[in-house]
Every structure is written in structure tokens, then in C-alpha cells.
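The values are calculated or read from the model by the stated rules, or taken from the named source; none is laboratory data. Note that this is a predicted model, so its numbers are computed, not measured. Heads up, the Cβs are rebuilt from the backbone with ideal geometry, glycines too, and the neighbour counts pull from every protein chain shown. Remember, those area values only see protein heavy atoms, side chains included, never the ligands or the DNA or RNA. Shrake-Rupley method; radii C 1.70, N 1.55, O 1.52, S 1.80 Å.
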Amino acid sequence: MPDSPSSYKINFRAGTAIVIASMVGTGVFTSLGFQVLGIQSGFALLMLWAVGGLIALCGAVSYGELAAAMPRSGGEYHYLSQIYHPALGFLSGWVSATVGFAAPTALAALALARYSQGVWPELATPLGAGSAYTWATVLAVAVVLGLALVHGRSTRAGSRLQVVITTVKVLILVAFIGAGLVLGKPQPLTFAPDAAGWRALLSPTFAVSLVYVSYAYSGWNAAVYLTGEIERPQRNLSRILLTGTAAVLLLYVGLNYVFLRATPLAVLKGQLEVGYLAASWVFGPALGRLMGGVIAALLVSTISAMIFAGPRIVQTMGEDLPALGWLAGRSRAGIPVRALLLQVAITLVFILKPDFQAVLVYAGFVLNLFTFLTVLGVFVLRWRQPELPRPYRAWGYPVTPLLFLALSAWTLVFIIKDKPTESLYGFYTVASGLLLYFAAQKLRPAVRPT
């Protein structure tokens, strides 16, 4: 039978699995090929992933304080509404619903389909003469719909599925790192710091590449969207965020070290399936294809985590805005099914109209913008409400949030300068959310409470 709304709470293990699964997905298996187009220093390339992890850790300790002080589901939507203004909270919720979860879910499903083609080439066959879609597209859509069915049925079943597939994912990736270190043939690439590496580290190219890395780390805050469903959130949320983020940092640095150590840069340049390419160089073409299939299977956990967490933002928005009240409805199992269906619909639109690299930069830009404002909110809230109970205070305050803000601002400035089109689409998304907010406010008086 389905769970009752109050019968099940997400524990520390399930919450950490959601964070890890949300992070380890499309970005780490696809973005390195874009990074090596502008950076050829092994030291600078690894530092990308170390700096990205540092940013995520600083963000995690900052979010931990906000989550403990304001324990409600909704993430940035809830925090920005309380700290600044409901309009800003709505904008972040709108962006999270459309870009923060739907776009990454679609990108993970597309990456799963691309990796699957390495194992089953027939998936690249068009559905019909002149069709822009292939059987790989069908696979991507089917995975999204199948996981939506599981998470729409039961929180308990969804949590258990998430723990199992995330544990398998981590074990396989650790095994891959170990095999790569033992079996991989070292390439002529130095990872020691040198003058060229430091120059690359301070270049605009590094800042823009950090967008891809930031996208790969996005999801470190996934648990805050489920605050109301987490067991003892004021105690567990900060632990979940930090444990999950630290584990992923280690995995990412290890994976990219193996990718770069075992695979020539010329092979990786501009390529999407870097995991498959690296596996082919480590294990040979036959086992490399099999590893491509394994990576495709691992992406299931990422899609699952996004489908699990994302609808809770829309549900919280529906609870606060009468015009969107229909999205707040829950099933008998306490699941926001309507919000889930909305996210799935937006995800399918992204899958059917893909532009992988552009969506990657676009999503990274708008997500960075609102996480920047949220972490800034740690300072604003301490100033405005110094007496507010804070069961957890950001470790290293004020250095850790300031470091997050400085690195995020640096990245945002360079994105606007180097990728103006994608940045403009990001601003369009924010503007459309603002229009929707005012439209919802105008409809408010017409809605009578029941």
C-alpha cells in the first residue's frame, strides 16, 4: 500500500544518497571534452574539479545554516522569499522548476541515451524516414516516465530505490578509478603545477570551464528541497549536505584524474562521451563499450534523484500562491503528483528539443545566480534576525560563504562576457518568471479560500 503522508521520513542515508545521485551524473561524464578545448594543462584541469568542489562545500555549509534556521521544503524558493521578498523566491522557484531540475533531468536522460548507443548501435536508428528522433530518444523518454511512476507511487519505495542504485553507482565508480590507475597507460600530461598551469588557472577560459564543473556539482543542495520530509532536519540536513558533497568531490577528482591520465587530450576534445572514451583506452574497445552501458545505467540514479526532489519546490510554491494552488495537491501517499507531472512534461520538452552544450551553460548560469543570492542571504539573515534560533551555524563563517560568493561572482561575470547568448536566455527565463509572479498576484483576489 502507498505510504500515508506522515508515515515515512527520509533518513540520513537516503538523504545523502539523493545528494550524491543528484551530483554524480551528466556533468562528470560529459563536460571534460568541452573543458580541454581551451585548457591543455593537466594541473589546471584537475584544479577545475578541486575548485568546483570547494565552491560546493562552502555552499553546503552555508545552506546548512539556512536549512536549520528555516526548516521547510522548497530550497531557494523558501529561503529567498523569507530573506528578501516573495517575488525573488518565486523567481528562484520558477528557475529551479524549469531549469534547475527539468533541464538536468533531460540532459542526464540524453546522456544515458548517447552512452547506450555505444553498446547498442541500433538505438541510433531513426524512428522513421526523415525523423529527427531515434530509438535512443525513446529510451530517454521511457526512463524518465518509468522513474516518475515509481516516485509518484511511494516515498518509501523511491527512497529505497535511491539508496540501492546510488550505492551501486559509487562502488562501480570507485572500482573504475582503481582499475584506471592500475591498467591505464599514462599519457604525456603533467599534473604538477607549472607556469602554464597557473596562467590557465587565472584565464577567462578557466572561469567559463568552471561553469561546466559547477553544473556537474549542482545537486549538492538537493536535500534542502525535501526538508519537510527529512527525519530531524535541523540535525540531519547539514550532515547530509556535507557528507554527500565531500564524497562527490573525492569521486570527481579521482575520475577526472583517470580520464586525463589514461586518454589522450586529442581524443577527448569536444567529445560528449568522455567516460566511454576513457574506458575504451583503459579496458580496450570491447570492454569500453560495456563500460559505456554501465555508465548509462548509472545515470538512472541521477534522473531518479532529480525526479524525486524537484516537484517539492513547485508544491511549496503552490501552497503559498493561491493561483498555483492546484500544484500543491498531494496524493494519499503524500506525494505532489501534479507538480511531478509538470516537471516530467517540461523534462520531455527539453529531451525532444536538445542542444546539449548550450543548455549546459544556460542552466549553469541561472543556477549560479540564485545560489549566489541564497548564500548572500546567510549574511542578510544574520543582520536582520540575529536572534533567530540557528541549530547549525555555517562552519568557517564568514570565510566559507565569502569564498563561495567570490568564486561564484567571478564565474558569473566571465559567463556574461564570454557566453552572452546563453546568459541572455537565462535573463529571459528570470523575466518570464517575474511576469508569471505578477500575473499570479493579480489572480489572488479572485481565489476564495476553501
Can you tell which of Val170, Val143, Val164 is in a helix (DSSP H, G or I), out of contact with any strand residue (DSSP E or B) (no Cβ under 6 Å at 6 or more places or on another chain) and either exposed (fewer than 15 other Cβ atoms within 10 Å of the Cβ) or without any contact (Cβ under 8 Å) to a residue 40 or more places away in the chain (or both)?
Val164
Just to check your reading of the model, which residue among Val274, Val248, Val300 is buried (at least 24 other Cβ atoms within 10 Å of the Cβ) and within 17 Å of the chain's Cα centre (by Cα)?
Val248
Report yes if Leu91 is in a helix (DSSP H, G or I), touching a Leu at 6+ places or on another chain (Cβ under 7 Å) and hydrophobic (A, V, I, L, M, F, W, C), otherwise no.
yes
Of the conditions (1) over 19 Å from the mean Cα position of the chain (by Cα); (2) at pLDDT below 80, Ala97 fails just one. Which one is it?
(1)
Given Gly334, Gly325, which one is surrounded by fewer than 22 Cβ atoms within 10 Å (Cβ to Cβ), out of contact with any Cys (no Cβ under 6 Å at 6 or more places or on another chain), at pLDDT below 80 and in a loop (DSSP other than H, G, I, E, B)?
Gly334
Filtered residues of region 149-169 (kept if within 20 Å of Leu226 (Cβ to Cβ) and hydrophobic (A, V, I, L, M, F, W, C))
Leu149, Val150, Ala157, Leu161, Val163, Val164, Ile165
Filter region 173-199 down to residues that are open to solvent by less than 30 Å² (accessible area, probe 1.4 Å) and at pLDDT below 85 and give me whichever is farthest from Ser41 (Cα to Cα).
Gly184
Looking at region 298-312, can you tell me whether even one residue there is over 30 Å from Trp395 (Cβ atoms) and of a type in the set (D, E, K, R)?
no
Within region 74-93, can you find the residues that are buried (at least 24 other Cβ atoms within 10 Å of the Cβ) and out of contact with any His (no Cβ under 8 Å at 6 or more places or on another chain)?
Gly74, Gly75, Glu76, Tyr77, His78, Tyr79, Leu80, Phe90, Leu91, Ser92, Gly93
How many residues of region 40-61 are open to solvent by less than 30 Å² (accessible area, probe 1.4 Å), over 19 Å from Val24 (Cβ atoms) and hydrophobic (A, V, I, L, M, F, W, C)? The answer is 4
Output for Cβ contacts, cut-off 7 Å, separation at least six or different chains, first residue of a type in the set (Phe, Trp, Tyr) in region 408-432, second at pLDDT 75 or above and open to solvent by 50 Å² or more (accessible area, probe 1.4 Å), reads Phe414/Pro204
Counted residues in region 205-226 being over 20 Å from Gly25 (Cα atoms), buried (at least 24 other Cβ atoms within 10 Å of the Cβ) and of a type in the set (Ser, Thr, Tyr) come to 0
Specify the residue that is most open to solvent (accessible area, probe 1.4 Å); the eligible residues are those in region 10-39 that are farther than 25 Å from Thr243 by Cα and part of a helix (DSSP H, G or I).
Phe34
Of all residues being within 22 Å of the chain's Cα centre (by Cα) and surrounded by fewer than 19 Cβ atoms within 10 Å (Cβ to Cβ) in region 227-241, which is nearest to Ser96 (Cα to Cα)? Just the residue, please.
Gly228
Residue list for region 325-334, restricted to those being within 12 Å of Val314 (Cα to Cα) and among the aliphatic types (A, V, I, L, M)
Leu327, Ala328
Search region 55-75 for residues that are within 14 Å of Leu403 (Cβ to Cβ) and charged (D, E, K, R) and pair each with any residue that is modelled with pLDDT under 90 and surrounded by fewer than 24 Cβ atoms within 10 Å (Cβ to Cβ) when their beta-carbon atoms are under 8 Å apart and the residues are at least 6 apart or on different chains.
none
Criterion: touching a residue at least 12 places away in the same chain (Cβ under 8 Å) and within 27 Å of Arg390 (Cα to Cα) - qualifying residue of Leu298, Leu242, Leu290:
Leu242
Pro398 vs. criteria surrounded by fewer than 18 Cβ atoms within 10 Å (Cβ to Cβ) and modelled with pLDDT of 85 or more
yes
Name every residue in region 259-287 that is polar (S, T, N, Q) and touching a residue at least 24 places away in the same chain (Cβ under 8 Å), in order of residue number.
Thr263, Gln271
